Amino acid sequence: MAGLKTNERPGTRAVARHSHLSAFKAREVLDLIRGVDYARASEILEHSERGAAEVIGKLLHSAASNAQHNEGLEPEEMFVSACFADEGTTMKRWRPRARGRATRIRKRTCHITVILSRMPDEELQRRRARVAAEQMERRQRRVAGTRRARRQQADVEAEVAAEEAAEAELLAAAADSSTDISDSEPTETEAAAAPLVEPEAADTSEADEGAAAQAGVDEAAVSPAAESAGDGVATDEATSDEGASDEAAADKAAADKAAADKAAADKADFSGADEEESE
């Protein structure tokens, strides 16, 4: 039983007649896209390095446009059901050669045909399921990447916050230690003022020593006066008739006390003058 003729193949076709390339070169490219879906065939022809790929690519897009506009089919649901190249006319030219001879030049052409057909329903369902699974997988990878990036960002932020807290604690500890040191040690102003205070303290100690010496002299002067006053009181109690003598004794005691005070003051002035000369 004879097979289908070329013009009886089902599908939407596009034909390029009298293409200026040999059928042999066109067939090498057509073998790459035979039985392949439209999208994959377009990619293959776009990245092919052969010169026939450009002509066949235009022919493939023309067949897809015919199917979309004439029959209402979607190019994504179609595949290359048949493609072939037939011999076209051959243009004969002549090349002059030596000794008056000529060599024939054959400029070959071909007729290229590409037929697109709709995929079976089962194949379309499998492709749609595969595309949906790929989309779901890409979405899951995208979501996982987003979550991973968020976790990494949260970890980085937590590390930065921990470092900042540690630095704040160190600064607070350093501030507390510096405050304790400043409280225990005098400041620069106090240290500068300390030598100025020491002479004053020395002067004060000297004055205290002088006051203590004068107090000792006063006590020594007061003790005879107290004894004489005690004697006078005992005499008054013994004899009430001797009032005049008692008054005379009191006057004498007061005179003695004044003399002792004057002597103590002169001694204190003399000792202060000696200390100033020794300084």
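Can you give the FRET efficiency for LYS107 and ARG127, using 1/(1 + (r/R0)^6), R0 = 41 Å, r = Cβ-Cβ distance, to the nearest 0.05?
FRET efficiency, LYS107 to ARG127: 0.40.
By counting other Cβ atoms within 10 Å of each Cβ, how are ILE44, ILE181 ranked from fewest to most?
Sorted ascending by nearby Cβ count, the order is ILE181, ILE44.
Kindly provide log₁₀ I(q)/I(0) values, in the same order as q = 0.27 Å⁻¹, from the Debye equation applied to equal alpha-carbon scatterers of the range 74-149.
Log-scaled intensity ratios, in q order: -1.13.
Report D for the range 54-106 in µm² per second (integer): Stokes-Einstein, Kirkwood Rh on Cα pairs, 20 °C, 1.002 mPa s.
My calculation gives 144 µm²/s for D.
Need the full-extension length gain, ASP266 to HIS47, defined as separation in residues times 0.36 nm minus the C-alpha distance. One decimal, nm.
Difference between extended and current length: 66.1 nm.
If you stretched the chain out fully between ARG99 and VAL156, how much longer would it get, using 0.36 nm times the residue separation minus the C-alpha to C-alpha distance?
11.8 nm
Figure the gain on full extension for PHE24 and SER177 (residue separation times 0.36 nm, minus the Cα-Cα span) and round it to one decimal in nm.
Value of the extension gain: 45.8 nm.
Cα centroids of the range 57-100 and the range 122-186: how far apart, whole angstrom?
Between the Cα centre of the range 57-100 and that of the range 122-186, the gap is 59 Å.
Hey, fewest Cβ within 10 Å first, where do THR12, THR103 land in order?
Ranking THR12, THR103 by Cβ neighbours within 10 Å, fewest first, gives THR103, THR12.
Determine by what factor the alpha-carbon radius of gyration of the range 12-104 differs from 2.2 N^0.38 Å, reporting the quotient.
Here the answer is 1.41, to two decimals.
Mind running the shape call on the range 32-186? Use the C-alpha gyration tensor, a ≥ b ≥ c as the square roots of the eigenvalues: rounded below 1.5 for a/c, prolate if a/b tops b/c, oblate otherwise.
It is oblate, given that a/c is not under 1.5 and a/b is not larger than b/c.
The numbers here are math on the coordinates, done by the rules we state, and not lab data. Owing to the predicted nature of the structure, the values given are computational and were not obtained by experimental measurement. Counting neighbours? That spans all protein chains shown, and the Cβs are built from the backbone with ideal geometry, glycine included.
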